[in-house]
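What follows is a set of notes on a single structure, which appears directly below.
The values are calculated or read from the model by the stated rules, or taken from the named source; none is laboratory data. The structure displayed is predicted, hence computed values, not measured ones. Glycine gets a Cβ as well: all are built from the backbone with ideal geometry, and neighbour counts include every protein chain shown. The protein model used for the area step is the full one, side chains on, heavy atoms only, and it has no ligands, DNA or RNA in it. Shrake-Rupley method; radii C 1.70, N 1.55, O 1.52, S 1.80 Å.
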Amino acid sequence: MPAPRNQRSYESRTRRSRRVFEDASRYFPGGVNSAIQYFSPYPLYVTRGEGSRVWDIDGNEYIDYCLAYGAATAGHRNPEIMRAIKSVADNVGTLLGFPTPSAIGLAKEIVRRFPGVEMLRFTNSGTEATMYAVRLARAVTGRNKIVKVEGAYHGAHDYLLISDKPTRRVLMGSERAPASVPDSAGTPEEVAALTLVVRFNDMDGLERVLRENENEVAAVVMEAVQTNSGLIPPAEGYLKEVRRLTEYYGVLLIIDEVKTGFNAAAGPAYAAYGIVPDLVTMGKVVGGGTPLAAFGGRAEYMEEVTPLGRAVHYGTYNANPLSVAAGYAALTKVHTEKSFRQRAYLSERLAKGLRDIVEDAGITAYIMSYGAMGAIYFGLEEQPRDFREAFRADKAAWHDWWLGMLVRGVIPYAGAWFEEWFVSVAHTEEDVDKYLVAAEEVLKGLARG
Ligand SMILES: Cc1ncc(COP(=O)(O)O)c(C=O)c1O
């Protein structure tokens, strides 16, 4: 189906969203409170969620595969999580300003499920978690530089919002030595220069950067499976080599599990690759869909955090009882090995169905499912190995497909070409089949042009 038709259908079904957008735009830049929520022609304003569904302000129902960018994969209004939150509201209060014993239970569960995490600190967002982990690595090593992977998102702070999504190929620098491109205006050049960039799966590139900056790099920050560039698994032996190199150069390895934790695997994604990081960041699922995240790792490093050590970590809302209760219910009652297996099965079923449709329609697109997540790269025939290869994907086709799916009652993805789909505990085979029926219509339309 040609693009203008999907857009017209979207506009005719979402008239109230447009009106709310106009109103919201007077108060919030772009009418949203996180730039990722904006899409053209205007975002969907959603009023309610239940299980695998959400409803927009026009009353349209959607099967939701965005799931708050992977944070709501317990399903909307999950009964276990709602019960836990109600109990805190009835008996405890939202914020007491003193440490509460309940945080220990969630910490124990995290320590049990994240190899290498002996101690941790809670924060309110993944952005804070990675920011504090970087500060801690600098404090521990006494070094200033950080190495990150091109195309990887770790939150919106200056340390790591570098070469997250360089918008043009010419800005990226050479394959051999990718440039450090600040994604946001307002990032001081001096700060950007401290963040060095490598390509995912490029062992030689990492070796070179660590060698050329010997005794200057505090940490390598990466995901075990790169997200926010679609989904890119590590090449065989890559993560082990990263671990070996970081140890050799005395550099801390920080693995970011904010998105992949409990979505790419039943726990952290790195566990399948036989590596133990020095520090780990986590978020999204660990708070059961409430604002809670954490950074943790080896006790010897975590003891550098104040008041024991010198790396400052504060936060009025850290480990607030509501989020801790929601996270505890999510990890102990919802995100079990068993529920993960079912989610992964559904994600693979979805991927297989999409591959068949794409083949029948004669469309070029590479479809990837990893755990309970998946990605579609329009215009690519093979799995990309890094962001540069992913970047070749056809973004216009993606947008067309996105709108086409929305007007058929499916939120097919988190809302940008480089995001992913997520399958929740509440999704069913029937939900997957509905996705596929809608996808078949849209993709055949796209093939006709
Ligand atoms: C891998 C990764 N790290 C960190 C973050 C930042 O988390 P938050 O949005 O909670 O600040 C995100 C957010 O999507 C993420 O995907």
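Points to keep in mind about this one:
- The set of residues from the range 365-395 being of a type in the set (A, V, I, L, M, F, W, C) and over 18 Å from ALA414 (Cβ atoms) comprises just one member, LEU380.
- Residue in the range 199-214 that is assigned to a strand (DSSP E or B), under 21 Å from TYR159 (Cα atoms) and open to solvent by 30 Å² or more (accessible area, probe 1.4 Å) present: no
- Any hit, the range 340-351, residues being assigned to a loop (DSSP other than H, G, I, E, B) and in contact with a helix residue (DSSP H, G or I) (Cβ under 8 Å, 6 or more places away or on another chain): no
- Enumeration of residues in the range 421-436 that are of a type outside the set (Ser, Thr, Tyr) and assigned to a loop (DSSP other than H, G, I, E, B): VAL423, VAL425, ALA426, HIS427
- Residues satisfying the stated conditions in the range 67-92, i.e. buried (at least 20 other Cβ atoms within 10 Å of the Cβ) and in contact with a strand residue (DSSP E or B) (Cβ under 6 Å, 6 or more places away or on another chain): LEU67, GLY70, THR73, GLY75, HIS76
- Residue list for the range 124-136, restricted to those being within 15 Å of the ligand (Cβ to nearest atom) and of a type in the set (A, V, I, L, M, F, W, C): ALA129, MET131, ALA133, VAL134
Yes or no, residue by residue, for (1) more than 30 Å from GLY186 (Cα to Cα); (2) open to solvent by 60 Å² or more (accessible area, probe 1.4 Å); (3) not assigned by TED's automatic domain parsing to the domain that holds GLU430:
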| site | (1), (2), (3) |
| --- | --- |
| TYR62 | yes, no, no |
| THR94 | yes, yes, yes |
| PHE114 | yes, no, yes |
| HIS154 | no, no, yes |
| LEU160 | no, no, yes |
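- Within the range 165-181, the residues that satisfy the criterion of being open to solvent by 30 Å² or more (accessible area, probe 1.4 Å), closer than 27 Å to LEU239 by Cβ and either touching a helix residue (DSSP H, G or I) at 6+ places or on another chain (Cβ under 6 Å) or hydrophobic (A, V, I, L, M, F, W, C) (or both) are ALA177, ALA179, SER180.
- Restricting the range 246-269 to residues that are under 15 Å from the mean Cα position of the chain (by Cα) and closer than 19 Å to ALA299 by Cα, the residue that is nearest to the ligand (Cβ to nearest atom) is ASP256.
- Only residues that are of a type outside the set (A, V, I, L, M) and within 16 Å of the ligand (Cβ to nearest atom) were counted across the range 94-123, and they come to 4.
- When the test is whether a residue is aliphatic (A, V, I, L, M) and within 22 Å of the chain's Cα centre (by Cα), VAL442 does not pass it.
- Residue in the range 233-242 that is within 13 Å of the ligand (Cβ to nearest atom), closer than 22 Å to PHE418 by Cα and either touching a Phe, Trp or Tyr at 6+ places or on another chain (Cβ under 9 Å) or touching a residue at least 40 places away in the same chain (Cβ under 8 Å) (or both) present: no
Residues are listed down the side, and each one gets a yes or a no for (1) surrounded by fewer than 18 Cβ atoms within 10 Å (Cβ to Cβ); (2) more than 20 Å from ILE232 (Cα to Cα); (3) in contact (Cβ under 8 Å) with a residue 12 or more places away in the chain:
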residue: GLY327; (1), (2), (3): no, yes, yes
residue: LEU331; (1), (2), (3): no, yes, yes
residue: LEU350; (1), (2), (3): no, no, yes
residue: ASP356; (1), (2), (3): yes, yes, no
residue: GLU381; (1), (2), (3): yes, no, yes
residue: ALA393; (1), (2), (3): no, no, yes
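- Among the criteria (1) away from the ligand (no atom under 16 Å from the Cβ); (2) open to solvent by 40 Å² or more (accessible area, probe 1.4 Å), the one SER184 does not fulfil is (1).
- Within the range 166-188, residues that are on the phi > 0 side of the Ramachandran plot and not assigned by TED's automatic domain parsing to the domain that holds PHE418 reach partners that are open to solvent by 30 Å² or more (accessible area, probe 1.4 Å) and in a loop (DSSP other than H, G, I, E, B) with beta carbons closer than 9 Å, at six or more positions or on different chains, in the pairs GLY173/ALA179; GLY173/SER180; GLY186/ASP158.
- Evaluating ALA68 against the criteria (1) without any contact (Cβ under 8 Å) to a residue 40 or more places away in the chain; (2) assigned to a helix (DSSP H, G or I); (3) of a type outside the set (Val, Ile, Thr) leaves one unmet condition, (1).
- From the list ALA329, ALA375, the one residue that fits, being touching an Asp or Glu at 6+ places or on another chain (Cβ under 8 Å) and assigned by TED's automatic domain parsing to the domain that holds GLY261, is ALA329.
- Checking each residue in the range 23-45 for being touching a residue at least 12 places away in the same chain (Cβ under 8 Å), outside any loop (DSSP other than H, G, I, E, B) and open to solvent by 50 Å² or more (accessible area, probe 1.4 Å) picks out ILE36, GLN37.
- Residue among TYR435, TYR413, TYR377 that alone is at pLDDT below 95, open to solvent by less than 10 Å² (accessible area, probe 1.4 Å) and aromatic (Phe, Trp, Tyr): TYR413
- Within the range 137-180, tally of residues that are more than 16 Å from the ligand (Cβ to nearest atom) and part of a helix (DSSP H, G or I): 8
- Wholly enclosed strands (runs of 3 or more DSSP E) of the range 217-303 bearing at least 1 residues acidic (Asp, Glu) and open to solvent by less than 10 Å² (accessible area, probe 1.4 Å): 252-256
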